[in-house]
Structures are given as structure tokens and as C-alpha cells.
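So the structure is just underneath, and the comments pick up after that.
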Amino acid sequence: MSIEARERRQGAALVAPALIWVLIFFIIPFAGMALMSLAHLDGREVVQSFDLSNFAKIFTDPSLRKGIWVSLQITALVTAISVLLAWPLAWIIATRVPARWQRLALLIAVLPFWTSYVVRSYSWALVLGENGVIMKTLTGIGLLAEPVQIMATRAATVTGFVHFFTMLLTLTIYSNLIQLSPNYARAAQDLGASRLQVIRLVILPLTLPGIMTGAFLTFVLCIGDYITPQILGGNNELTLPQLIMLQLGRRGDYPMASALSLVLMAIVTLAYAATSRWLRMDRL
Amino acid sequence: MTADVSLQGIEHRFAGFTALHRVDLKIAAGEFVVLLGPSGCGKTTLLSIIGGFLTPSEGQVLIGARDMTQVPPKDRPTTTMFQDYALFPHMSLRDNVGFGLRMRGAGRAVRNDKADAMLEMVGLAAQAGRRPHELSGGQRQRVALARALAVEPDVLLLDEPLGALDLKLRRQMQDELKAIQRRVGTAFVHVTHDQEEAMAIADRIVVMNQGRVEQAGSPEDVYLRPATLFSAGFMGEMNRIPATPDGDGVTTPLGHLPLPPQRGTLCLRPENVGLRGDLRLGPARMIEASFFGAHHRCHFAPLAAPDMILTANLPQGAVPERGAEVQLFATDPVILSETAQ
Amino acid sequence: MTADVSLQGIEHRFAGFTALHRVDLKIAAGEFVVLLGPSGCGKTTLLSIIGGFLTPSEGQVLIGARDMTQVPPKDRPTTTMFQDYALFPHMSLRDNVGFGLRMRGAGRAVRNDKADAMLEMVGLAAQAGRRPHELSGGQRQRVALARALAVEPDVLLLDEPLGALDLKLRRQMQDELKAIQRRVGTAFVHVTHDQEEAMAIADRIVVMNQGRVEQAGSPEDVYLRPATLFSAGFMGEMNRIPATPDGDGVTTPLGHLPLPPQRGTLCLRPENVGLRGDLRLGPARMIEASFFGAHHRCHFAPLAAPDMILTANLPQGAVPERGAEVQLFATDPVILSETAQ
Amino acid sequence: MRVLAWAYLLAMFGFILLPVVVLIVFSFQDSRLPVPPFDGPTLRWYAEIIADRALMEALMNSLLVALISSAVALVLGFLAASGLARVLLPGSALIRGVLIAPMTVSYLIIALGLLQMFNAVGLRPSLVATGIGHVVINLPLCFAIIYASMGEHQKNAMRAARDLGAAEWQVLWHVSAPMLLPSLAAAFFLAFTFSWDEFIIAFLLTRFDVTLPVEIWSMLRSGLSPATNAVGSIVFLVSVAIVLVLELTLFRRRGA
Amino acid sequence: EDLNALIWCDHADPALLEPFEQAHDVRVNVKEYEGTAAGLTLLEQSRPGDWDVMVIDAVDVGRAVERGFLAPLPADQLPTADFFPEVVLQDHTTIDGQTYAVTEKFGYNTLAFNKAKVDAADMESLGALWSGKYDGRIAIYDYYLPVLGLVGLQDGIATKDLDAAALDKIREPLMSLKAASRQVSDVVASQTALATGEVDVLIGGGEWLTAVLNAENPDLDWTIPKEGGLLWAQSIAMVEGTERPELALEFIKYITSPEGQARLATSSCYWGMPVNKMAGDVLTDEQKAILRWDDQAEYLSRAQLYPVPNAATDTAMQDLWTEMLQN
Ligand SMILES: Nc1ncnc2c1ncn2[C@@H]1O[C@H](COP(=O)(O)OP(=O)(O)OP(=O)(O)O)[C@@H](O)[C@H]1O
Ligand SMILES: Nc1ncnc2c1ncn2[C@@H]1O[C@H](COP(=O)(O)OP(=O)(O)OP(=O)(O)O)[C@@H](O)[C@H]1O
Ligand SMILES: NCCCCNCCCN
Ligand SMILES: [Mg+2]
Ligand SMILES: [Mg+2]
């Protein structure tokens, strides 16, 4: 056997365990889910069939269809707001904070990562409630006459999400920013660009990989999350994951849960395709 | 368009570290000046001060007689070409080169014409629509040059522009850089730590060491008449022989030599040591020789001081046998006093 | 311990691309061979085939007369020194150098003794406990050498070992490499694309181009008697003058020259063109000169062919005025036929 | 501009830290209603959760699952990265794609797929099932981080070790792993964090032996009490302490 | 030894479980669920032996038995004689003469409210929720059976008549109720919302919601309006296939014993009336007052049982519920 063939065999042996793991615990379950999505519920029994009735129902049943729409709206909103909030924050940390304090500033900016995810959502309920800290403060100092309802609305869900994803995006954008040669900004300035022009024409485009990587992660994690809308949304509208959990928990409708999951997956795949040219998944 | 630059008593301190000590330097309009020195000697710092990226702790920067010490880079008649080129990767070459004009409010047509003309000058007109990552290192360097020159600066500052290129390409780009500078007539201030590069392109070389200017002069001056031991050593290989004054000459390990009496180090470049010359060094044994193409590099042990090895570059066809005893001669001897170091 | 290497009809194809075309090469035991050629010519590929990192598509590798074509690196009597040295950053120098012995099952005491001896040889005994990142580039290079030699290979393979060093250090390490090779007597196969380096250290230079061996011979042979135009050009700068046979000599743009009649290109190195020599080239006008330290690089326009520029490296102090008319002479003329390309 | 920047920084810090601060403050709330007015302070909720057997078990379970699943993901990711970095395997772009794929899929989908498969083969929900799911989500992460940090230099060091006679496992153990230590540590740490805080997979794939996030979820759904705040605060403070220690030791050398 | 129990959240209280665990040296593992459909789904996915006991709404025992999930109980060993007779619900827990479950706790799904913010007189009619006066101050308990039942009552439909046709009639009022309400939430979220002043009225609420918070907010109150209310009665059963039938039975006996009953009645997630009258001797007077021990006879007379839908109606109800959540 040639040296290269031997090398390849050893290389393959090293890759094999991970590949097998992914095959058994990701690909096969996924295939199973695809199969399940073609089945249907007869009374309470799952009956394997091969029809697209679940998908047909998803796109005709107003509740399910609206779920997709709600999820898309929330996710788009969250992603956009988080990028808008995170970019200046990352930029300020990377360029305005003295080098020796940067890591500390970044650490503070992502500190709540280290609370439990469930608790983090729940603590927003404390903050946003009608008698929560914010309303009490605002009405207390007379800025608001009446408390405004935020809790149990889409605004609460979005706030909870934005909180988490602003931190995530700050990380990805910051790490992109500090990898840029300082000479880009210098060169642009040297050629006569104002501060804003430097940012708009040079720095911003150069941070697209960081923005897109963070935005994609935000999109995937946000559109697939059950906890935040469940805790903060007050069941006033249901997202895709909530609908999926509803099928699982209350109705035992695995076929429909699978079909909804595939729709979710398809949406994420589209998002991936749209951003893939900028993605640097190892930038984490 | 070009202007002269005058640095007066420039001193620069970073937190707890003085990077430049009272540097005075004049750069004439249209001159090609090279700042040469080892890593960390303050070349980039000095260039940044001229370009406006740093404000000196003390001293003044005059460009075309105007005091520019506090003026930000965008308002100075200088542009800088960075070592990593800092080409904007998301813009075409044309947009890169036209960027400076765009910032000055030029319309698209105007700046594209100018950009194309600049790209033409550096031989990249055909690639104007490409992105920087589609170019080779040498091509990128030319785009950076075109971009910096497109705004018609009075002074162009270049920080090791050739540092990232391989040797062959580097030598080729040196010639181009020199030719372009001749053509546009702009003053160039070029930083390098490669003395061959410096000699090949400079009108004047400024040798720097530890934040000070050691010597400033033409390549010949600096190479043949170094002012300090540092200058001498940095410009090329050298044989160093201790010398003490002795009547009308000096005493060295090789014996008495008829040179101006002075305490210091006798410096001889390898190509100035050989079988002919004005200064007789006495008998020596040939130890080893290797062929270097244009010359043979030979090591000789003087009989008077067998532990001292003298290196001589002898021309093709003039090489003694290994082990042979020959009379060594030298030309262009220089004695530098210890204090000159 | 050393052995000879014989490469027989080596051909190597990467997917859709032939990197080596029927290379035959013998390397004698104890010889210092340099593979020289431009980037992409197949040097690394050939070295990898000797070292066992690649199996040739065709042909055989014999080391010490044994067929090693299919033997993996760890079982060959070769070791490779990588361009980036590939030192293990988490191990002390001693552990780095002792690594090969450790893999061969040597106990700690044995391998430490050997490692210390090797470090002693390369002058780093005092730093044995340090980590690679605490060393300068040149020191690292020596550690890599010590590590490769510690397992006493028959053949040491070096892929651009000096490529990462700056010029000054590079010249110094060349001397050391050569000296160490002399001392240990192992055959060295050394890859570079720097012809000065090749000439400085090689017993024999193998000039490669596009997957073929152009010429193999001593540095003098290759420099002074190039077999092909490629060889001639790659070994250094050259003036090329077309020549056609004409009775007892050749006709060139400069006129008739008394050389062996042959159709081809007359090659003259710049240092072999000057104001003296065996071969009279006729009158020429000096156009430009720049100072290069050891010599002046001058451009001459022959009066007979004013558009042809001849480059001559003239020694210090022998440079005519710009615009002066002089008689040019040459030494060591070589005529290479077109087909030799 | 400068003032604006600092004001923005402070405002964002306020936004980011607000829920955590409120959480911690109201963990000392004396009444059961975690809303203003604050009528504390009391430590009784802390006493309560420390005495809560189920919670403490969930904490241990979380630690266990996070440690083991991260270790498995790390080893698998390391081996795969070493294999792929070493030779150009046929279809290696596809292999990389397959290994990364789970990273682009919502956890809920991974959980549902595994739940159905385990149901089908008769495997009961358990910590092991959860751990398997966590390896699925963390393997791509570990692989990507390690693969990205295997530069030419790393590859050459591995070749050098082989050239000097090292067997494959010796290359991995003596050269590759120590050289990649910072990336390995970073990957492990990140994987650990993800597993430790993962909810949906653990929720669907466990039954009685639950992980901490699931236990906290049940706490939230089985009675109103600031004990939830206390758990959140403790998790937060302990994690921050760990992060700080790592920051000051392991990652200090890597600089910004 | 372990006992695996599928429960409503009130059985997760350590104060309830620990005495049993100590007495029998076992460990009770609990898994919470909410809503019969969810519980049945969990059993569907399990294998025999996974579960030993289960808590289930008494009216839904039939649905579970029909699918073979429950094991018969020795009726003679159960203290049903000591129970309030109205909540033994023999018709539902006994099928074909075989007892499958025993009731353990009961209460009402009606209106819970904050009397400091709401006119208590308004609460005497369900119609107040549709009057517009409390728009934005209402929460809906997220369990379709009792709330659909209440909406039916408001429309004059008895719970036992809530069939597919009736569902059509209550769609409109259900949707307008949703429009008037602020949130739809589970047990604890409902308690929180009412206790923190997020909402003032909870439809589907009752003593199970207010009693547990009595100490925090004495203004929380509940009533059965004139249209009537729903009686919830949960029962405990042994799961078919259990490998520890004796222990399971011991647990059921413990839960139905006076001590167990008292602890269950006042457990941490929600309070509710014990079915065993003897628990009255264990409970304090204060606790009994909060539970309104003495008013039960009247309440019971005005309450109706949960709807018991067949599979098709159940699906239709869930669809309607999902639609309500989503609008
Ligand atoms: N921001 C800074 N803070 C502190 N010291 C600095 C800073 N920038 C440069 N220095 C120090 O000032 C000295 C001069 O630096 P400078 O960059 O000018 O050197 P250089 O000659 O350009 O070197 P090189 O050839 O390596 O680029 C160095 O010792 C450097 O360490
Ligand atoms: N794995 C490969 N697959 C395809 N082509 C390859 C591969 N490795 C090398 N080549 C090609 O083979 C040729 C010879 O490569 P090789 O690395 O031997 O060149 P080299 O002489 O060492 O060049 P350099 O001086 O740049 O190191 C090049 O054209 C290269 O592009
Ligand atoms: N399973 C019992 C029905 C009880 C109704 N709800 C009251 C409290 C929470 N379910
Ligand atoms: Mg510099
Ligand atoms: Mg190579």
C-alpha cells in the first residue's frame, strides 16, 4: 500500500468516531423525523403513512400558519435590534476602551451569559411586570402616569431575546473588530475620510463576517427557542417551538410536531444559505 | 506637487519609554529619503509623526514651511502606504484607488478616470475591476502605491512597503518604486531595515539606532564613509581590527600600519580586502573559500595574528589555493573611534 | 552514518497535474546537495518523496541500495527539517531534541545525554531547559537541526531551512550549516530558491524547473558553465545577446565577435562586463549608475545597438561619468543554443 | 462623540446587567412575591434551596452531564480535526459539512429527533440520553474550534513527530494535544457551558434524573417563590467566579 | 427502592412526599404534567414498569382505562367511606364494577379575583368578563377543559352538553374573552399574575389559586358566579404494568389517609379541599377557613363536572384552544 493510502486510512480512522456519532445521533434521527412527518394521528395512535397532509395542514390551518409568521417576525425583529445594539457596543469596547480594560469591559458585556438561561428569561418577567422594577421606577418618578403593559406581550419576548443575543453579537463583532488591522482605519482617515465615513465605508463592511455569523446564530437560536416566549409571551401568540411543544405535550401528535420541525429546519436552512458566504463559525 | 519637510527637535515618549530622542531632519521637496535601522529603533514612530498619526511629545513638524504638528492625517499633504497595504478588501481596485478622491467629494466619473490613470501607471489597468485578494503580493503593493498617489500628496510615507515580498520580487519592486518616484516627483520617505534596498533606491539614507539618527547621507557616504561603528556595521559585513595610535601610524594585531594615528577600530569591507590595494596588511594563510558567483568569499588567517579571521571577497579567477600563504592588501580603510559607537 | 540515495525515474502526479517528470538523481553518501529552483518547480515534492511523505506515481527511491519507495517516514533512515522548524512549543529544547530517541524507546538518561551532546554541538547547551519560544529564529533553526540529527539519520532533508530568517542571519546560518554537515558527515539534501545560498553551501547544485532537473553540478559549473538558458538566468543576472554563426565567429547586434560559431544566445554576467577583459564588445555609452556598496551597477548602451542595454557591475572607484563613451570588454562568454532552453 | 460613546456603553451595561441585578436583589426578598416593594433582606430562600435535595441532585446531574458530554465531544472533535487536518481525505469538504451540520439546527429539532429514535428503540429518557444529545450539539463546536486552530505549523509539527518515529497515538498525545491545549481548553469550556445551560434537550430526554435547568423550570411551574431567584443568583455567582478564575489563569496568556 | 409517580404539581411538595419516603424507606420520583391529554401522551411513550402511580382528573379515568393505562385497585382497602360523598365520583372511577382510581382532592374552576381592585358584586356573574369593564385585566387559566366549560356555562350550556355543535356556539365568546384578556397561563404564572397585580381577574381560577397566596395577599378572593362553576376532582390511580403494586397501593393509601390528605390540601403548588373528611382533624382552623371547609356543601351543589369529550370532540376542543391562544 502506498504511503498516501496508509495515511488516508489512518485519517479516516480518526474521523470515523465523530462521523459515526453524527450519523447515529443526528442523521438517522433526522431521517426518522422526516418519516414521522409523513405519518398521521389516528385517534391517539400514530399511523405511518406517506402523505403530505401534515404539511398541507400547516399551510392551511390559520393557527399553525400564523405560528410560522409570528416566529419569523419575532426572529427578524430580534436579529435586527440585536445587531443595531451590539455593533456600537462592540465598536466602543474595541476602539474607545483602553486596551487593558477591554477584556473586562467585554466580560461585563456578556456577564449574564453565566446565569441560567431559564432564570434569565424569568428575571425579565420581574423587571418588565406591571409592578416590576421598570414600571415602578417610571411611574414613581412621574415619567409615566399609568404603567404600560409590556409583560405578556411580544415586546417582552423580544426584550428577553434581544438581551441575550446582544451579548452574543457583541462577542462575534468584537472579535471581528480586533482582528482588523488598525491600518484600515488609518488609511481611510489618511485619505480624507471623516470618522463616520471611516465607520460606514470601511469598518462596517469589514465586520460583515462577524455580524453575519452572530446574526445567523441569533436567527437559529431565536427561532428555535421555546423558553423565552413561553415565559415572557403570556401565551398571547404562539411561536413555532411553542406549537411543536403543544403537539408533543398536549396532543401527542408526533407527526405534526415532526412536520413543524421540518418547516423550522427549512427556514433555518434558507437563513444559512443567505448568510453562508460570510459565516465564520469558528469565530466563536 | 511636493514640499519639503522639516522635523525640529522631535522627541517621542510612550508610557515610560522614549522612542525618539531629539531628532532633527530635513527632507527636501522631491527627495527620496530612506529611514534605515534595526527593528524597534523608532522608524515607524518617526513616520507616524510625519503622517500625523502621532503627535510628538516635543518638537515640531513643518511641511512646506507650515507647522503641521497638531494637524490630523486627513488634513496633511502626506499620505501613508502601510506595510500591510491596508487595501479595502470589499472594494474593487478602482474604488480603492479612487477612495481618497471620493472623500474629497469628487464625482464618480472624475475619480474613476483618475483611478484608471493611476492603475495604468502601475501597470494594473486591466485588473481595475478586481478585488485585492485576487492579486499577488507585488500587485497589491502597486495598488497601495496608486491609491496613496492618487490624492497627489506632497510627501508619500512608506512603511516597509516591500517587507512582505520575497527577495526577487522585492528587488524588482525597488526599481519600480524608484522609477515611479522619479516620474511623479513627490518626496518619498521610505522605511526599511534592508540596507541593500536602502542603497538601491535612496537619494539619502537616514541611519537610525535606538531612537537617534546615527548618520544621514548619500548611499556612498554611508557605505564608504560611515560616521559610526553602528552605521558601518549595519550597512554591510565588515572586518574590525582594533587600532591604537603609534607615532605616524597605528598599531594593530597585524602590526604597524601607515594610517592616520587614532585610537579606534579599523574597518575594512570584505570586497576591499584582497591581493592588491594601497594598504599592505601583511602575509596571511588562506583557510577556506566558497564560491558566491560574482565573487569568492575567502577566510584568511594573518600570520601575525592567526586567531583573527579576515574575510575577503575575491573576484572570479583570482583565488589562491586553500592553505596558500599570500600577501593581503586593502583599500578604503576607515578608522572609527570607540566613542563614535 | 550516511548512505547514498538513488532516485530512478521518479514521476509524480497530483490530481491532473504532473509535478515531477522522470527525475533521475544520485546523491552520494556524505554529499551536500542543494535542490534549487523557482517556486512551484517541484522541490518540496521531490524532498517529500525522499523523506517518505509522498509515494511517487512512478519510479523508485533507493537509500543505501535498499528500495524505500513504499516505506513510511518513521521507518526510513532519513529525517526532515521543516521550514518552520516544527519544534514542539510545549517541550524544552532537551525534550525536543530527545524526542526521536524517546520514540525509539530510549530511557530518560540516555536521551538526555544525547540531547545535551547535540545541543552542545549547535552551541545551545546552556539553554537546554528553555522552551522554543524563548529563542531567536537562528537559535530555533539550530535546535531543529539538533533534533533531526539526534536520531543519526543517513540522510538529512532540509526544506528551505533558512527561508524564515532575515538576510544577515541567513548568511551566518549558511556557514554554520555547512560546518555542521562537514562535522557529522551525513548526506544533506537542502531545498532553497536562493541561488546565493545554494552556491554558498552546496557540494552540488541541482537546478530544477517545472518538474525537471535542468542541470546538476558544482556551484562553479552551474554558475560559470550553465547548461541551459534557464540555469544561466536563475543563477544570477545576465546580459543576453542573440548570436548567429558567421564563418569563424558569430554575428551579434554588437557586430562580429570572435567566438565559436554557434546559433544561440551569448550570455554575459554583469560582473564579467567591464572596461577590461578578453572579449572586446566595442564602444558603448554609459547611461546610468547606482551605488550598490561592493560595486556600482551601470547601464551601457552599445553604440552599435543603442536600444540594447548592457548591465555591468563595476568595482568601486572604476566608474566612468554618466554619458561618457568607453570601450566595453567581457570575460567568460557562454553561448547557449536556443534548444537548450 | 466621546461622551456619547461612554454614555452608550454605560446604558448598554445597564440594560445587560439589569435583570441580573434585579434577580439577585429579589433573592433576598422576604415575602414570596418577587416584585417591589423590597421587603428583605432574608437568607431563607438560600437556606431552602440548599436543603432542597432534588435541586442539589439536579445540580450534580448537570455537572456530570456537562463534564462527560463535553469530554466526549472534545475527544471526538479532536480526533476528527486531527484526521482531517492530516490528509486530504476524499470528500473531506463533505465530511466537514456533516460534522458542522448540527450547529445549524435548532436544539428542539435535535431533541425531538432523538426522542423519537430513543422511543422507537426502547431507550428510556435519562441523563445518558441527554448527554448523547449534548454531544451532538457540542461536537460541531469542538471540531470547528480545534480544526480552525490547526495551522500549517501544527501540521508540520505532527509530521515532524511522525518523521522522528512517533506512532499515531504518540503524535496525538505527545505533540498534537499539548500544542492545541488553549483551543482544547476553550472548546471544552464552551461545550461545558452550553451543556450546563441547555434546556430543551434535557427537558425532553430526561424523566426523574433531571438537569439543573429542567429542575429550575419545574420550580418555576410548581410554586411561586423567590427560591428561583436564589438558585439563579447562586448559579450566576458560582459561574462568574469560575469564569474569573479561568480568565486570570488559563486565558490570561492568550491576551485579548 | 423507587416509586415513579406521574403527578400534578401539588404532589411535588417535599412536605407531602418525605413522610411517606421515610416511613417506607423509598424514594418517590415525580414527573409533573398539566392536563389529561399531556399525561396520557406521556404514558403512551412509556413502557410497562416505567410508572407506578398517576394523578388524573377523576372524570378522565375512563379515558385512561379505555386505553389500558390503569390497573384495578382493591376498593375495600380504600377509605372512601370517610370521603365527602359528592366527590367519591364512583361513576367515573369505577368501570365495569372495577375500581381504577380514587379521588383525592377537589375544588373549583370559577373566578378568582383581587377584591381590592374588582367590584366583588360584578363577580357574581360570568358576564362581567364580557362586559368590557375588565378588559386587559383578565387572565385565562391555560387548561382547555375547565375554561371551555365556563365559557359554555356563560352561554347556558351545561358541561355535559359541550359537544362539537356547542363548541361552535362558544367560539365567538371565547375569542372575545381572549381579546379582553391579558394572558393565558399555567398554575404558577396565573398565581403570579394575580398576586403581583398584573391582572385582577382569573377565569378558571378558584381556591387552588388564591388559598396558597393568602398570606401574601389577603385581597385575593374567589367565588362561584350565578351561572355556576366547574368542580375539579383529581384522583390517584395505579399504573398498569407497575412492578411495585404493593408500594403503589401504600402510596395511594397514604395520600388518601387523613394526614396525607391534609398535607396534599395545603401543598406548595396549590391548595384544594381534601376528599377525606377526617383530614379536618389534622388541618388547623385557619387552614380550614382558607379552604372554606364549611361552605363546601353549597359550592358542590352549584358546580358541574368537567366536560368529558370523546376523542373527536377532544381534538376539536384542542384545536379551538390553540386557535384562541394564537389570536
Ligand atoms: N504604543 C506604544 N507603546 C509603547 N511603546 C511603543 C509603542 N509603539 C512603539 N513602541 C516602542 O517604541 C520603539 C520604536 O517603535 P517603532 O515601531 O517606531 O520601531 P520600528 O523602528 O518601526 O521597528 P520595526 O522595524 O520592528 O517596525 C520600540 O521599542 C517599540 O517597542
Ligand atoms: N497536494 C497537491 N495537489 C496538487 N498540486 C500540488 C500539490 N502539492 C503541490 N502541488 C503542485 O505541484 C507543484 C510542485 O509543488 P512543490 O511544493 O514541490 O513546489 P516547490 O518547488 O517546493 O515550491 P516552493 O518553492 O514554492 O515551496 C506546484 O505547482 C504545486 O502547485
Ligand atoms: N388534575 C386536577 C385538576 C385540577 C385543576 N386545576 C387546579 C389546579 C391546577 N390544576
Ligand atoms: Mg515599524
Ligand atoms: Mg516547497
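The values are calculated or read from the model by the stated rules, or taken from the named source; none is laboratory data. Remember, it's a predicted structure, so these values are computed and weren't measured experimentally. All Cβ positions, even for glycine, are placed from backbone atoms using ideal geometry, and neighbour counts span all protein chains on display.
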Quiz item: Quick check, is B:Gly138 touching a Lys or Arg at 6+ places or on another chain (Cβ under 9 Å), within 16 Å of ligand 2 (Cβ to nearest atom) and farther than 25 Å from B:Pro38 by Cβ?
Solution: yes
Quiz item: Within segment D:26-46, which residues are more than 18 Å from E:Thr192 (Cα to Cα) and assigned to a helix (DSSP H, G or I)?
Solution: D:Arg44, D:Tyr46
Quiz item: Residues of segment E:14-56 being within 14 Å of chain A (Cβ to nearest Cβ) and either within 22 Å of D:Leu220 (Cα to Cα) or among the acidic types (Asp, Glu) (or both), which ones?
Solution: E:Lys31, E:Glu32, E:Tyr33, E:Glu34, E:Gly35, E:Thr36, E:Ala37, E:Ala38, E:Gly39, E:Leu42, E:Glu44
Quiz item: What is the residue count in segment B:279-311 for residues that are within 20 Å of B:Val334 (Cβ to Cβ), in contact with a strand residue (DSSP E or B) (Cβ under 7 Å, 6 or more places away or on another chain) and surrounded by fewer than 20 Cβ atoms within 10 Å (Cβ to Cβ)?
Solution: 6
Exercise. Say whether the condition of being surrounded by 15 or more Cβ atoms within 10 Å (Cβ to Cβ) and within 25 Å of the chain's Cα centre (by Cα) is met by at least one residue in segment B:251-266.
Key: yes
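I'd like the full set of residues that are more than 7 Å from chain D (Cβ to nearest Cβ), touching a helix residue (DSSP H, G or I) at 6+ places or on another chain (Cβ under 7 Å), in a helix (DSSP H, G or I) and of a type in the set (Val, Ile, Thr), limited to segment A:110-141. Working first, answer last.
Going residue by residue through segment A:110-141, those that are more than 7 Å from chain D (Cβ to nearest Cβ) are A:110, A:113, A:121, A:125, A:128, A:130, A:134-135, A:137-141.
Those left that are additionally touching a helix residue (DSSP H, G or I) at 6+ places or on another chain (Cβ under 7 Å): A:110, A:113, A:121, A:125, A:128, A:134.
Next, only the ones that are in a helix (DSSP H, G or I) stay: A:113, A:121, A:125, A:128, A:134.
Once the filter is applied, which keeps residues that are more than 7 Å from chain D (Cβ to nearest Cβ), touching a helix residue (DSSP H, G or I) at 6+ places or on another chain (Cβ under 7 Å), in a helix (DSSP H, G or I) and of a type in the set (Val, Ile, Thr), segment A:110-141 yields only A:Ile134.
This table checks each residue for (1) in contact (Cβ under 8 Å) with a residue 40 or more places away in the chain; (2) closer than 30 Å to C:Glu271 by Cβ; (3) of a type outside the set (Ser, Thr, Tyr).
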site	(1), (2), (3)
B:Pro219	no, yes, yes
B:Ala227	yes, yes, yes
B:Val250	yes, no, yes
B:Gly255	yes, no, yes
B:Thr265	yes, yes, no
B:Asp278	yes, yes, yes
B:Arg285	yes, yes, yes
B:Phe300	no, yes, yes
Quiz item: Just a yes or no: is a residue in segment B:46-58 of a type in the set (A, V, I, L, M) and under 21 Å from B:Pro219 (Cα atoms)?
Solution: yes
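Is it the case, given these coordinates, that B:Thr18 is in a strand (DSSP E or B) and either more than 16 Å from ligand 3 (Cβ to nearest atom) or surrounded by fewer than 24 Cβ atoms within 10 Å (Cβ to Cβ) (or both)? Reasoning before the result, please.
Numbers: in a strand (DSSP E or B): yes; either more than 16 Å from ligand 3 (Cβ to nearest atom) or surrounded by fewer than 24 Cβ atoms within 10 Å (Cβ to Cβ) (or both): yes.
Yes, satisfied.
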Practice problem: Name every residue in segment B:130-183 that is within 14 Å of chain A (Cβ to nearest Cβ) and within 16 Å of ligand 1 (Cβ to nearest atom), in order of residue number. | Solution: B:Leu157, B:Leu158, B:Asp159, B:Glu160, B:Pro161, B:Gly163, B:Ala164
Practice problem: Mind telling me which of the residues C:Ala187, C:Ala202, C:Ala198 ends up being within 11 Å of another protein chain (Cβ to nearest Cβ) and either surrounded by fewer than 22 Cβ atoms within 10 Å (Cβ to Cβ) or away from ligand 2 (no atom under 16 Å from the Cβ) (or both)? | Solution: C:Ala202
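The rows are residues; the columns are (1) at pLDDT 95 or above; (2) acidic (Asp, Glu).
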position	(1), (2)
C:Ser92	yes, no
C:Ala106	no, no
C:Asp116	yes, yes
C:His133	no, no
C:Ala164	no, no
Practice problem: Being outside any strand (DSSP E or B) and within 21 Å of C:Leu156 (Cα to Cα) is the filter here, so list the residues in segment C:1-15 that pass it. | Solution: C:Met1, C:Thr2, C:Ala3, C:Asp4
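Can you pull out every residue in segment D:103-137 that is of a type in the set (Val, Ile, Thr) and in a helix (DSSP H, G or I)? Lay out the reasoning, then the answer.
From segment D:103-137, those of a type in the set (Val, Ile, Thr) are D:104-105, D:109-110, D:121, D:128, D:130, D:132, D:135-137; that's our starting set.
Hits for segment D:103-137 are D:Thr104, D:Ile109, D:Ile110, D:Val121, D:Val128, D:Thr130, D:Ile132, D:Val135, D:Val136, D:Ile137.
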Quiz prompt | When residues of segment D:138-188 are limited to those that are polar (S, T, N, Q) and more than 28 Å from the chain's Cα centre (by Cα), the one nearest to the other protein chains (Cβ to nearest Cβ) | solution = D:Asn156
Quiz prompt | Selection within segment C:21-56 - touching a Leu at 6+ places or on another chain (Cβ under 7 Å) and either assigned to a helix (DSSP H, G or I) or within 16 Å of ligand 5 (Cβ to nearest atom) (or both) | solution = C:Val23, C:Leu35, C:Gly42, C:Lys43, C:Thr45, C:Leu46, C:Leu47, C:Ser48, C:Ile50, C:Gly51
Quiz item: How many residues does segment A:232-253 contain that are surrounded by fewer than 24 Cβ atoms within 10 Å (Cβ to Cβ), within 11 Å of chain D (Cβ to nearest Cβ) and in contact (Cβ under 8 Å) with a residue 24 or more places away in the chain?
Solution: 1
Practice problem: Among the helices (runs of 4 or more DSSP H) lying completely within segment E:214-327, list those that include at least 2 residues that are within 14 Å of chain A (Cβ to nearest Cβ). | Solution: E:311-325
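Can you pull out the residues in segment D:16-46 that are at the interface with chain A (Cβ under 7 Å from one of its Cβ atoms) and either surrounded by fewer than 18 Cβ atoms within 10 Å (Cβ to Cβ) or modelled with pLDDT of 90 or more (or both)? Give the derivation first.
First pass over segment D:16-46, keeping only residues at the interface with chain A (Cβ under 7 Å from one of its Cβ atoms): D:16-20, D:22-23, D:26, D:34-36.
Those that are at the interface with chain A (Cβ under 7 Å from one of its Cβ atoms) and either surrounded by fewer than 18 Cβ atoms within 10 Å (Cβ to Cβ) or modelled with pLDDT of 90 or more (or both): D:Ile16, D:Leu17, D:Leu18, D:Pro19, D:Val20, D:Val22, D:Leu23, D:Phe26.
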Practice problem: Spot the failing condition for E:Ala312; the list is (1) under 20 Å from the mean Cα position of the chain (by Cα); (2) closer than 29 Å to A:Gln230 by Cβ, and only one is missed. | Solution: (1)
Quiz prompt | Residue within segment C:214-228 that is part of a strand (DSSP E or B) and within 24 Å of C:Thr2 (Cβ to Cβ) present | solution = yes
Exercise. Output the residue which, of all residues in segment B:27-43 that are surrounded by fewer than 19 Cβ atoms within 10 Å (Cβ to Cβ) and within 15 Å of ligand 1 (Cβ to nearest atom), is farthest from the other protein chains (Cβ to nearest Cβ).
Key: B:Gly40
Self-check item: Residue in segment B:57-79 that is away from ligand 5 (no atom under 16 Å from the Cβ), outside any strand (DSSP E or B), touching an Asp or Glu at 6+ places or on another chain (Cβ under 6 Å) and facing chain A (nearest Cβ under 10 Å) present
Solution: yes
